[in-house]
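The numbers here are math on the coordinates, done by the rules we state, and not lab data. Only a predicted model underlies this, so the values are computations on that prediction, with no experimental measurement involved. For neighbour counting, all protein chains shown are included, and Cβ atoms are generated from backbone atoms with ideal geometry for every residue, glycine included.
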Amino acid sequence: MYPNSLTHLARANPFSAPLFTLQKAEEPQQDLRGSQRTRRLAAAATVDEGDSCEFGSQKYFVLCGFGGILSCGTTHTAVVPLDLVKCRLQVNPDKYKSIGNGFAVTVREDGFRGLAKGWAPTFIGYSMQGLCKFGFYEVFKIFYSDLLGEENAYMWRTSLYLAASASAEFFADIALAPMEAAKVRIQTQPGYANTLRQCAPKMFAEEGLWAFYKGVVPLWMRQIPYTMMKFACFERTVEMLYKYVVPKPRSECSKPEQLVVTFVAGYIAGVFCAIVSHPADSVVSVLNKEKGSTALQVLKRLGPKGVWKGLVARIIMIGTLTALQWFIYDSVKVYFRLPRPPPPEMPESLKKKLGLTD
């Protein structure tokens, strides 16, 4: 029998690997698409009969990607006014002194229509990002859990969430970068361009293709930690809510009740996401506004205080966004009857090795 401390480690394991190696156990070998191993690593609901496709099938990944388009594209577009004020706070704090002042100055100078500047690149860019973020996350989560095996996938599950989300976001940011660059130009450079059709050709004529990708590295710096926190914190928060907060077993919760848990877990994850990613977000906003600057130069000029400008606005925006994104994404799964596995449980083979069962 293994020591009690190792039993506790296998149950919790927040970020690191266990300090011991388990011996191979006799386990039923199943195909990846039908295995309990992968089904235990998705979040938010019970697995019902009548699923429209197999877990891990091509149709499953395509519909997950579609859910990502809806969840990211629509929510980011809905908060364009707040995002515009946040960006202006970051790049011109002398003129835009607070959230309220930022809204007032923008409306006074550009009217209420000015609050919608940058909506088109926001919708296109974040739709593409959502497609890659959520779609590839499901792909990488299954791929990495298959490499680890059932027992290690359970014990290392937080590390697995972090690795899968980081891998997905790497590609998602490449899809997002061109539209993010155009959005920031429209929102923070008065007179530069009012629409995407005006902005994109002008950027290309002035700086070539590099204008659309010069912010991809700071975008990785902002988005990868953000997404790692978004997915890992969400997955573990869902697990904790069902274990300690929800007054009845998850299997007895209706789908609307499960979606409420999804929304709450998403908002909690969003607050942490905003804090982790805000310094890099400030650098991206300033970098896309200026010509010839580097991320390191912008970071030095902003200083320790400057990188935190606009944090309150970002917490409000990202907390709401993240909650709505998970709610919409999980709702898409419900609508299309996609497999929605329960929170992970310790495999029986691991329980036997730890002496938890006879």
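Grab the other residues whose beta carbon is less than 15 angstrom from that of ARG197, score K and R as +1, D and E as -1, and report the net. Could you put the intermediate results ahead of the total?
Working: positive: LYS117, LYS183, ARG185, LYS202; negative: none.
Surrounding charge for ARG197 is +4.
In a shell of Cβ-Cβ distance under 14 Å around ALA313, excluding ALA313 itself, what net charge do Lys and Arg (+1) and Asp and Glu (-1) give? Walk me through the numbers on the way to the answer.
Details: positive: LYS86, ARG88, LYS97, LYS309, ARG314; negative: ASP83, ASP281.
Taking every other residue near ALA313 into account, the sum is +3.
I need the trypsin sites (Lys or Arg not before Pro) found in segment 83-123, filtered to DSSP loop residues with at most 15 other beta carbons within 10 Å of theirs.
LYS95, LYS97
Give me the one-decimal nm value for the distance between modelled label points at LYS95 and VAL107, 7 Å along each residue's Cα-to-Cβ direction.
Each label point is offset 7 Å from its Cα along the Cβ direction, giving 1.9 nm.
Kindly state, to the nearest 0.05, the FRET efficiency for LYS305 paired with PHE171, given R0 = 25 Å and r defined as their beta-carbon distance.
Details: r = 34 Å, r/R0 = 1.34.
Calculated value: 0.15.
Fully extended, how many nm does the chain gain between THR74 and SER254 (0.36 nm per residue separation, minus their Cα-Cα distance)? The partial results should precede the final answer.
Working: separation 180, 0.36 × 180 = 64.80 nm, distance 2.59 nm.
Working it through step by step, the gained length comes to 62.2 nm.
Just to verify a number: FRET efficiency for MET240 and LEU356, C-beta to C-beta distance, R0 = 30 Å, to 0.05? Don't skip to the end; give the middle numbers.
On the way: r = 20 Å, r/R0 = 0.68.
The computed FRET efficiency comes out at 0.90.
Trypsin sites (Lys or Arg not before Pro) within segment 276-358: which are DSSP loop residues with at most 10 other Cβ atoms inside 10 Å? Mind showing how you got there, number by number?
Numbers: sites: LYS289, LYS291, LYS300, ARG301, LYS305, LYS309, ARG314, LYS333, ARG337, LYS351, LYS352, LYS353; in loops: LYS291, LYS309, ARG337.
Counting only loop positions with at most 10 other Cβ atoms within 10 Å, the trypsin sites (Lys or Arg not before Pro) in segment 276-358 are LYS291.
Hey, got a sec? Which GluC sites (Glu not before Pro) in segment 256-358 land in a DSSP loop and have at most 15 other Cβ atoms within 10 Å?
Numbers: sites: GLU257, GLU290, GLU345, GLU348; in loops: GLU290, GLU345.
Loop-located and lightly packed - GLU290, GLU345.
For segment 79-85, what does the Karplus curve 6.51 cos²θ - 1.76 cosθ + 1.60, with θ = phi - 60°, yield as ³J(HN,Hα) per residue in whole Hz, taken in order and with x for Gly and Pro?
Result, rounded to whole Hz: 9, 3, x, 5, 5, 4, 5.
Placing unit charges on C-beta atoms (Lys and Arg positive, Asp and Glu negative, everything else neutral), compute the dipole magnitude of segment 214-267 about its Cα centre in debye, rounded to 20.
On the way: 8 positive and 4 negative charges, 41 e Å.
Value, rounded to 20: 200 debye.
For segment 58-338, what's the relative contact order in percent, using C-alpha pairs closer than 8 Å and at least 6 residues apart? Display every interim value, and only then the final one.
Working: 430 pairs, mean separation 69.4, N = 281.
Once normalised by length, the contact order is 25 percent.
Summing +1 for each Lys or Arg and -1 for each Asp or Glu, what net charge is found among the other residues whose Cβ lies under 15 Å from the Cβ of ALA120? Working shown, then result.
Numbers: positive: ARG113, LYS117, LYS183, ARG185, ARG197, LYS202; negative: ASP83, GLU180.
Local net charge: +4.
For GLU348 and LEU209, what is the calculated FRET efficiency with R₀ set at 41 Å and r taken between the beta-carbons, to the nearest 0.05? Before the final figure, lay out the partial values.
Values: r = 54 Å, r/R0 = 1.32.
That gives a FRET efficiency of 0.15.
When averaged across all projection directions, what area in nm² does the alpha-carbon convex hull of segment 58-338 cover?
On the way: hull surface 63.6 nm².
Result: a mean projected hull area of 15.9 nm².
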